[in-house]
């Protein structure tokens, strides 16, 4: 059993945070929390935070850090987080980390460990540029991990698949640049607090064993 149960998963897009979260939550009663899911839920439920975020997004603006932190705090108050949680995609910056610390203090909780998934850039780029989509039904595939049964043809509606412009190598490289720019200070932030554990690509393939060894 994992004894450190309030976790943050850090890693570049394509590093395998979602895969690791799914594997861990199948074994442990932890809530998997992503800011994207929280944002959609708050908007769908018509909460005050959701309404504020929706207005900003309709105007093409970014949701401010303090608003996202408020949503995260609200989510962490829910009963399914009582046994522990995995924060996936938040915080992304040191400012967000400080806001998270404040939010956790207000609800009487703390982060037990931060897991950083280290993956070679070339592997990340291969994963990020392998996504293909169906323009008719919207189903998403991955040429490496979730390919269609028939090459470049949707399983559901027999329509030709395509690659979105934002799945290009150029876009993927820019996403990684932004990630490293924002996240290196965050890695240092948690390392200084002795909360950070790094897992390499090889260890990620044995994620459960490596993670449980580090955290129990």
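The values are calculated or read from the model by the stated rules, or taken from the named source; none is laboratory data. Being a predicted model, the structure only gives us computed values, none of them experimental. Cβ atoms come from the backbone with ideal geometry, glycine included; neighbour counts cover every protein chain shown.
In the set 128, 144, only one residue is buried (at least 19 other Cβ atoms within 10 Å of the Cβ) and at pLDDT below 95; that residue is 128.
With respect to residue 144, determine if the residue is outside any strand (DSSP E or B), touching a helix residue (DSSP H, G or I) at 6+ places or on another chain (Cβ under 7 Å), free of Cβ contacts under 8 Å to residues at least 60 places away in the same chain and closer than 22 Å to residue 63 by Cα. Judged against the criteria, residue 144 is not a match. Among the residues of segment 146-161, those identified as farther than 30 Å from residue 10 by Cβ and out of contact with any strand residue (DSSP E or B) (no Cβ under 6 Å at 6 or more places or on another chain) are 149, 150, 151, 153, 155, 156, 157, 158, 160.
For (1) part of a helix (DSSP H, G or I); (2) touching a residue at least 24 places away in the same chain (Cβ under 8 Å), each residue gets a yes or a no:
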| site | (1), (2) |
| --- | --- |
| 125 | yes, yes |
| 132 | no, yes |
| 137 | no, no |
| 183 | yes, yes |
| 188 | yes, no |
| 191 | yes, no |
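Determine, yes or no, whether residue 149 is loosely packed, with under 12 Cβ neighbours inside 10 Å, in contact with a helix residue (DSSP H, G or I) (Cβ under 7 Å, 6 or more places away or on another chain) and modelled with pLDDT of 90 or more. Spelling it out, it is not the case that residue 149 is loosely packed, with under 12 Cβ neighbours inside 10 Å, in contact with a helix residue (DSSP H, G or I) (Cβ under 7 Å, 6 or more places away or on another chain) and modelled with pLDDT of 90 or more.
Restricting 161, 100, 87 to those that are part of a strand (DSSP E or B), within 30 Å of residue 51 (Cβ to Cβ) and either at pLDDT 90 or above or touching a helix residue (DSSP H, G or I) at 6+ places or on another chain (Cβ under 9 Å) (or both) reduces the list to 87. Scan segment 72-81 for residues that are outside any helix (DSSP H, G or I) and either surrounded by 18 or more Cβ atoms within 10 Å (Cβ to Cβ) or touching a strand residue (DSSP E or B) at 6+ places or on another chain (Cβ under 9 Å) (or both) and jot them down. Selection gives 78 alone. Could you check, for segment 119-131, whether at least one of its residues is over 30 Å from residue 192 (Cβ atoms) and touching a strand residue (DSSP E or B) at 6+ places or on another chain (Cβ under 7 Å)? Checked against the condition, which is being over 30 Å from residue 192 (Cβ atoms) and touching a strand residue (DSSP E or B) at 6+ places or on another chain (Cβ under 7 Å), segment 119-131 yields at least one hit.
When residue 127 is tested against (1) touching a helix residue (DSSP H, G or I) at 6+ places or on another chain (Cβ under 7 Å); (2) within 24 Å of residue 170 (Cα to Cα), just one condition goes unmet, and that condition is (1).
Within the bounds of segment 26-40, is there any residue that is assigned to a helix (DSSP H, G or I), surrounded by 13 or more Cβ atoms within 10 Å (Cβ to Cβ) and free of Cβ contacts under 8 Å to residues at least 24 places away in the same chain? Looking for residues that are assigned to a helix (DSSP H, G or I), surrounded by 13 or more Cβ atoms within 10 Å (Cβ to Cβ) and free of Cβ contacts under 8 Å to residues at least 24 places away in the same chain, one finds at least one in segment 26-40, hence yes. Do we find a residue being in contact with a helix residue (DSSP H, G or I) (Cβ under 7 Å, 6 or more places away or on another chain) and closer than 24 Å to residue 14 by Cα anywhere in segment 41-55? Checked against the condition, which is being in contact with a helix residue (DSSP H, G or I) (Cβ under 7 Å, 6 or more places away or on another chain) and closer than 24 Å to residue 14 by Cα, segment 41-55 yields no hits at all. Checked against (1) surrounded by fewer than 20 Cβ atoms within 10 Å (Cβ to Cβ); (2) in contact with a strand residue (DSSP E or B) (Cβ under 7 Å, 6 or more places away or on another chain), residue 66 passes all but a single condition, namely (2). Got a number for residues in segment 4-25 being exposed (fewer than 14 other Cβ atoms within 10 Å of the Cβ) and modelled with pLDDT of 80 or more? Residues flagged as exposed (fewer than 14 other Cβ atoms within 10 Å of the Cβ) and modelled with pLDDT of 80 or more within segment 4-25 amount to 0.
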